[in-house]
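Asker: If you scroll down you'll find the structure; I have some questions about it.
Just so it is clear, none of the values below were taken in a lab; they were calculated from the coordinates. Remember, predicted model here, so these are calculated numbers, not experimental data. Cβ sites come from the backbone with ideal geometry, for glycine too, and all protein chains shown count toward neighbours.
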Amino acid sequence: MTTSNRSPTPPIVLLATDVWKSYDDGAIAVLRGVNFTGFQGETVALCGPSGCGKSTLLHLLGGLDSPDIGRIAVNSRELKPFGNPLHLLRHEVGFVFQLHNLIPDLTLEENCLIPTVAAGLDRKAARDRLRELTDRTGLSHRLGSKIQKLSGGERQRTALCRALMNKPRILLADEPTGSLDESTSAMVFDLLLEIVANEGVTLVMATHDRTLAARCGRLIEMRDGSIHEPF
Amino acid sequence: MIFLKLIVTNLLRHRIRSLISIAGIAFSVAAMLTIVTVLQGAVEMFSGILSSDSQIIVFERNVSDLFFSSVPSEAVQTISSWPIVQHADPVLFGIVSSSDHPIITCFGITDADARLRKASWIGGTREDFGKDPNGVVLGQRAAEFMSATVGKTVEIGHAAFHVVGVIKTANGFEDGGVFMPLSSAQAFFHKEGSSSVITIKLRSKEDIPELKASVRRSYPSLVALEDEEFTRSYSQFKILKATAWAVGGCGLLLGGLGVANTMIMSVFTRIREIAILRVNGFSPGQIATMIFGESALVSVFGAVVGLLIGTAFLFALKLIPALHGYVDTSVQPSVVVIVILLALMTGVTGALYPAVYATRIRAVEALRFE
Ligand SMILES: Nc1ncnc2c1ncn2[C@@H]1O[C@H](COP(=O)(O)OP(=O)(O)OP(=O)(O)O)[C@@H](O)[C@H]1O
Ligand SMILES: [Mg+2]
């Protein structure tokens, strides 16, 4: 996609077109014609009642699953149904979940290096990137600590670093502070917004927290299997 | 580095489980090493008997066991007279038992035999052999377990012999054997006029094909083989070796099942972790490498421990007096290599299903497990 210098709208990085997804052979119809456009650098809060399909949509956008009907395009490239999302996961999108999903018994540093090992990144570059991210998230003094030794907030910040290690342009966050207490949640979210803004990353975040959602650039509601955007 | 760390971390998380599978491989490797080495040693010893100062062995065609081979004395005389032959020695094998020893190998030989010439004599002299049909020479071990010395009478089978000499040889069978004059042995075993084999030394090695051809022509019922040819083709040796590898292989199979079990547990209890790795960009190949790496590490570690245990066990066997001279503790490098490769192969095979399973884990589903 080419953009003219004076284009008022930034490029589209995420595009879901009439996406349908059901489980148990159609018995549970979750997404029923979802259309969504994500622009570069914006922060989007994805709200909606529990079970409405927020996580499902994030998984589809990140290539972890494929829609029954409809198309998903990331960075202008359409995802093949049940194709191999390796490049996507290694270089284009980062995931943060409600549970930190870090590997116990490994250190903070080792956990963060996993995506760089997967992608075959040069070790020096990987370490530089790790330093950069841990400096920003205030974790540089805990590099050698095992995951079990970290607090909830530190774990979630570690997960954030890990998701951004390979410099993806898109961050998909599924209730990233959902398991933290209010003040820690606010602190982690501040950091998240700061880094995302700093790196120009597009954020799509599923959340139940209206206060957090309100701080995002855009808020979309998911209801009855499709997206409603209050303007 | 992280790769190795992931593997080692997982092994350390379940120390007991890892130790059990390492032990499984170790014990089967130890068993395999011991059995193969002992049997190979035995085979070498036995072929050593035949090849002492000779290049060729002649025996009856198509016998399954040299104890059943019968070579007429007339053939010995004829072959001895061939100009290319330096010496041809008839040997009659027999098995006898004494009161406290179920199996003693008996060698019926002539006084010119290389075994007597080359041995170091502890008691008596070579000249004493053959004069008295009842006079036998004992290997040192045989003398020990029969508590016999030169001049004493020993009971062998249902007859009494007197000891005219004691010799020390490096070969376990010979050292635990009894050497009788050929004619006495023929009478004792009711094999008058024949021997089991003829061992032949030629004046020149180049004449080996000629000798083989001559034997084929003159004695169609006999066969002449070079020593290594014999060792390779003798069916008893083949059976022994095959048995050794089969028994060892079964052990390794059990060890492999242990590894398979461990790896299945390792994957099943780690589904979420594997899903996380996938989400972070690990390819199915990288996941498989991790699983195979884990089992390979267990196997190689097990193999090394097993080799140590096996070697220690062989040395322990060597110390048992009754096995003295029969156990060869020199482990052949080729055996070590084969054993390690087999262990590695077993480990990899055991990890096949778990690895395939692991690569098929779907991150979306796995991440929904809490
Ligand atoms: N693998 C699956 N098999 C069957 N049903 C599933 C599967 N995955 C999700 N679902 C169902 O799909 C619906 C949407 O799930 P999803 O996790 O996307 O909701 P959500 O909006 O993220 O909810 P929450 O806010 O509670 O996280 C739920 O009813 C869920 O039970
Ligand atoms: Mg959800």
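Asker: Return the distance in nm (one decimal) between the two label points of a simple spin-label model at A:R223 and B:K168, each offset 7 Å from Cα along Cα→Cβ.
Answerer: In this crude label model, A:R223 to B:K168 measures out at 10.4 nm.
Asker: Under a point spin-label approximation (7 Å from Cα along Cα-to-Cβ), what is the B:E144-A:R123 distance to one decimal in nm?
Answerer: Taking the simple label geometry, B:E144 and A:R123 are separated by 5.6 nm.
Asker: Strictly over 32 Å apart at the Cα level, which of B:K152/B:K205; B:K205/B:K241; B:K152/B:K201; A:K80/A:K124 would you flag in this model?
Answerer: Over 32 Å Cα-Cα: B:K152/B:K205; B:K152/B:K201; A:K80/A:K124.
Asker: Still on this structure, please answer the following. Per-residue counts of other Cβ atoms within 10 Å, averaged by peptide: what ranking do you get for A:28-38, B:22-32, B:250-260, B:72-82, highest first?
Answerer: B:22-32, B:250-260, A:28-38, B:72-82
Asker: To continue, here is another question. Would you grab the residues whose amide H sits under 5 Å from the one on B:I122? Only those 5+ places off in sequence or on another chain, please, with H modelled 1.01 Å from N.
Answerer: Counting only residues 5 or more places away or on other chains, the set is B:V166, B:I167, B:K168.
Asker: Might you report the magnitude of the Cβ-based charge dipole of chain A about its Cα centre, with Lys and Arg at +1 and Asp and Glu at -1, to the nearest 20 debye?
Answerer: For chain A, the charge dipole is close to 640 debye.
Asker: Calculate the length of the line joining the C-alpha centroid of segment B:63-118 to that of segment A:106-136, in whole Å.
Answerer: 76
Asker: Now, a different point. Based on DSSP, what percent of beta bridges with both residues in the protein assembly as shown are antiparallel, to the nearest 5?
Answerer: 65
Asker: Quick one: of the DSSP bridges fully inside chain A, what percent are antiparallel, nearest 5?
Answerer: Here the share of antiparallel DSSP bridges comes out near 55 percent.
Asker: Rounded to the nearest Å, what's the spacing between the alpha carbon centres of segment B:269-341 and segment A:19-34? Just the number, please.
Answerer: 50
Asker: Would you compute, for the Cα atoms of chain A, the largest minus smallest coordinate along each principal axis and list the three values in descending order, in whole Å?
Answerer: 46, 39, 39
Asker: If R0 is 25 Å, what FRET efficiency do you get for A:R215 and A:L143 from their C-beta distance, rounded to 0.05?
Answerer: 0.25
Asker: Check which residues have an amide H placed less than 5 Å from A:V30's amide H, if you skip close sequence neighbours.
Answerer: Placed amide hydrogens put A:K21, A:S22, A:Y23 under 5 Å from A:V30.
Asker: To continue, here is another question. Per the Kirkwood definition applied to all pairs of different Cα atoms, how many angstroms is the hydrodynamic radius of the protein assembly as shown?
Answerer: Result for the protein assembly as shown, one decimal place: 30.5 Å.
Asker: Same structure, new question: Give the aspartates and glutamates reachable from B:K118 as a straight Cα distance under 19 Å; neighbours fewer than 8 places away on the same chain don't count.
Answerer: B:E44, B:D53, B:D89, B:E127, B:D128, B:E174, B:D175, B:D227
Asker: Just checking the output field for B:269-280: average partner chain Cβ neighbours within 10 Å of each residue's Cβ?
Answerer: The per-residue average across the peptide is 6.
Asker: Related question: Hey, what angle do you get for helix A:108-119 against the long axis of chain A, alpha-carbon based, 0 to 90 degrees rounded to 10?
Answerer: 50
Asker: Something else now. Could you work out how far the C-alpha centroid of segment B:348-364 sits from that of segment A:166-231, in angstrom?
Answerer: 35
Asker: Right, here's the next one. Against the longest alpha carbon principal axis of chain B, how many degrees, from 0 to 90 and to the nearest 10, is the axis of helix B:2-13 turned?
Answerer: Compared with the principal axis, the helix lies near 80 degrees.
Asker: With springs only between Cα atoms under 10 Å, which of B:S204, B:S266, B:S120 fluctuates most in a Gaussian network model of chain B?
Answerer: The residue that fluctuates most here is B:S204.
Asker: Another question about this same structure. Evaluate the charge dipole of segment B:62-220 about its Cα centre and quote only its size in Debye, nearest 20, assuming +1 on the Cβ of each Lys and Arg and -1 on the Cβ of each Asp and Glu. Kindly include the intermediate steps, with their values, before the conclusion.
Answerer: Working: 15 positive and 17 negative charges, 82 e Å.
Dipole about the Cα centre, nearest 20: 400 debye.
Asker: Right, another one. If you take every DSSP beta bridge fully contained in segment B:62-220, what fraction is antiparallel? Give it as a percent rounded to 5.
Answerer: DSSP beta bridges in segment B:62-220 are roughly 70 percent antiparallel.
Asker: Sequence gap at least 6, Cα distance under 8 Å: using those rules, report the relative contact order of chain B to the nearest whole percent.
Answerer: 28
Asker: Rounded to the nearest 0.05, what FRET efficiency is calculated for A:S179 and A:D18 with R0 set to 25 Å and r the Cβ-Cβ distance?
Answerer: Computed FRET efficiency for A:S179 and A:D18 comes out at 0.15.
Asker: Identify, among B:I340, B:N261, B:I84, the residue whose Cα sits farthest towards the positive end of the charge dipole of chain B, taking +1 on the Cβ of Lys and Arg and -1 on the Cβ of Asp and Glu, with the dipole about the Cα centre.
Answerer: B:N261
Asker: Here's a follow-up. Under a crude label model (7 Å from the Cα following the beta-carbon direction), how far is B:S64 from B:H158 in nanometres?
Answerer: Result: 2.7 nm between the two label points.
Asker: Choose one answer from A:L121, A:L164, A:L57: the residue with the largest mean-square fluctuation in a GNM of chain A with alpha-carbon springs under 10 Å.
Answerer: A:L121
Asker: Follow-up question, since we're still on this one. Between B:R216 and B:I84, what FRET efficiency comes out of the Förster formula 1/(1 + (r/R0)^6) with R0 = 22 Å and r the beta carbon distance, rounded to 0.05?
Answerer: 0.90
Asker: Hey, another quick one. Magnitude of the Cβ-charge dipole of chain B, K/R +1 and D/E -1, about the Cα centre, nearest 20 debye?
Answerer: 1820
Asker: Can I get the semi-axes of segment B:62-220's equivalent ellipsoid? Compute them from the C-alpha gyration tensor as square roots of 5 times the eigenvalues, in angstrom, largest first.
Answerer: Values: eigenvalues 169, 57, 35 Å².
For segment B:62-220, the semi-axes come out at 29, 17, 13 Å.
Asker: Can I ask one more? As a test of the formula, what do you get for chain A when each DSSP H run with n ≥ 4 contributes -39,500 (n - 2.57) and the sum is divided by the residue count, at 222 nm and rounded to the nearest 500 deg cm²/dmol? Can you show the working numbers first?
Answerer: Working: 6 runs with 70 residues, N = 231.
My calculation for chain A gives -9500 deg cm²/dmol from helical runs alone.
Asker: Classify segment B:1-111 as rounded, prolate or oblate, taking a ≥ b ≥ c as the square roots of the eigenvalues of its Cα gyration tensor: rounded when a/c is under 1.5, otherwise prolate if a/b is larger than b/c and oblate if not. Mind dumping the intermediate values first?
Answerer: Working: a/c = 5.00, a/b = 2.83, b/c = 1.77.
The shape class here is prolate.
Asker: By how many degrees, 0 to 90 and rounded to 10, does the Cα axis of helix A:123-136 deviate from the longest principal axis of chain A?
Answerer: 80
Asker: So, one more: I need to check one value: relative contact order of segment B:62-220, counting alpha carbon pairs closer than 8 Å and at least 6 residues apart, in percent.
Answerer: 32
Asker: Given A:V44, A:P115, A:T17, which one lies farthest toward the positive end of the charge dipole of chain A, if we put +1 on the Cβ of every Lys and Arg and -1 on the Cβ of every Asp and Glu?
Answerer: A:P115
Asker: Given 10 °C and 1.306 mPa s, how large is the Stokes-Einstein diffusion coefficient of chain B in µm²/s, with Rh as the Kirkwood radius over Cα pairs? Don't jump to the answer; show the numbers that get you there.
Answerer: Details: Rh = 24.2 Å.
Translational D for this selection: 66 µm²/s.
Asker: Let me check I've understood the local charge: for A:G48, count other residues with C-beta under 14 angstrom from its C-beta, Lys and Arg +1, Asp and Glu -1. What total comes out?
Answerer: That works out to -2.
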